[in-house]
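Here the structure is laid out as structure tokens; the discussion comes afterwards.
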Amino acid sequence: MRLYGFSDGPPSLACRQALKALNIQYELVNLNFSKEEHMTDEFAQLNPQKEVPVLVDDDVVMGESVAILQYLADKYDTTGNLYPKDIKSRAIVNHRLCFNLAMYYDRIFDHVMAPIYFDYRRTSRSVRKVRMALDCFNTYLQRLNTEYVAGNTLTIADFPLVTATMCLEAIRFRLNPWPYVSIWYNNFKQKHPELWKIAAEGMREISFYQENPPDYSHIRHPFHPTIRNFNIVIT
């Protein structure tokens, strides 16, 4: 098994957490973003989207981190806890995965990652959008009132939400106004240090580049060319 990813990419880190939690041996292939290794014709054979992560498991070649998480849990989780079979329990997990993909990480990426790697600036609007996402997340956690995001056991939904949240910590964005998010996040760190270590490695890289902005003006992004080619300021 091989996993292709970026060393500081939250979706890649989430998949690495799942592989660790499942005790799966695999080869990690970290692509070099600055050398555009994700944009090569060779990599496009694995993923025409030219994005990471990508999992290769025998004859299964799969992109999209959520699909990878679901596949790994369905195939390799003997406990049935990471991706429960019960319809209602699984629905909550699926909701949290969709929420992260559609709103939470999307807004965090725009506020944290895009200004580091693309021609994009943080604005009062990007801050408001992150706060709105945190408001929603805090409400979901408060209503369910469980230890983890989808219940009282760790699931694959925790991984992408943790790796998204660590991006905020990387730029010293305080979570105090969202107590349920803060409690859940710190609980994950304390109870799963071996999984948190994976996220922490990525967080250190993001923090470094936050303080030492790289020159990535030459980098192409397959589906966000306007971020690179125009000096966009979102207000």
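For n ≥ 4 DSSP H runs only, could you compute -39500 (n - 2.57) per run for the chain, divide by its residues and tell me the 222 nm figure to the nearest 500?
-16000 deg cm²/dmol
Can you order the peptides 81-91, 141-151, 9-19 by their average number of other Cβ atoms within 10 Å per residue, highest first?
Put in order of decreasing packing, that is 9-19, 141-151, 81-91.
Let's test the formula: R0 of 22 Å, r as the Cβ-Cβ distance of Gln210 and Lys189. What FRET efficiency results, to the nearest 0.05?
Computed FRET efficiency for Gln210 and Lys189: 0.65.
Quick one: how many Å² of Glu194 are accessible to a 1.4 Å probe, rounded to 10?
Rounded to the nearest 10, that gives 80 Å².
Compute a Gaussian network model of the chain, connecting alpha carbons closer than 10 Å, and tell me which residue from Gly80, Gly202, Gly63 fluctuates the most.
Of the options given, Gly80 has the highest mean-square fluctuation.
Using all alpha carbons of the chain, what is the percent of pairwise distances in each 10 Å bin, ordered from the shortest bin to the longest?
All Cα pairs, binned at 10 Å, distribute as 7, 32, 37, 20, 3 percent.
What are the membrane-span-like helices in the chain by this rule: whole DSSP H runs, Cα extent along the axis at least 15 Å, mean Kyte-Doolittle hydropathy at least 0.0?
65-76, 87-99, 158-170
Can you send over the carbon and sulfur percentage of the accessible area for the range 26-66, probe radius 1.4 Å, protein chains only?
44 percent
From largest accessible area down, sort Met1, Met132; use a 1.4 Å probe on the protein chains.
Met132, Met1
What is the Cα radius of gyration of the range 1-114 over 2.2 N^0.38 Å, N being its residue count?
Its radius of gyration relative to the 2.2 N^0.38 Å reference: 1.10.
If you build the Cα gyration tensor of the range 47-102 and take the root of 5 times each eigenvalue, what three semi-axes come out, in whole angstrom, biggest first?
So the equivalent ellipsoid measures 22, 16, 6 Å along its semi-axes.
What is the spread of the Cα atoms of the range 119-217 along each of their three principal axes, largest first, in whole Å?
44, 32, 21
Given N residues in the range 51-146, what is its alpha carbon radius of gyration divided by 2.2 N^0.38 Å?
Cα Rg divided by the expected 2.2 N^0.38 Å: 1.32.
Taking only protein heavy atoms and a 1.4 Å probe, what accessible area per residue, in Å², does the range 80-145 have with all protein chains in place?
51 Å²
Tally Lys and Arg at +1 and Asp and Glu at -1 over the other residues with C-beta under 15 Å from the C-beta of Leu195: what net charge comes out?
It works out to a net charge of 0.
Dipole of the range 114-210, Cα-centred, from +1 at each Lys and Arg C-beta and -1 at each Asp and Glu C-beta, to the nearest 20 debye?
Taking the Cα centre of the range 114-210 as origin, the dipole is about 440 debye.
The values are calculated or read from the model by the stated rules, or taken from the named source; none is laboratory data. Bear in mind that the values here come from a model prediction, so they are computed numbers and not experimental data. Quick reminder, even Gly has a Cβ in these numbers, built from the backbone with ideal geometry, and neighbours come from all protein chains shown. For the accessible areas, the whole protein counts, side chains as well, though only heavy atoms, and no ligand, DNA or RNA atoms are used. Shrake-Rupley method; radii C 1.70, N 1.55, O 1.52, S 1.80 Å.
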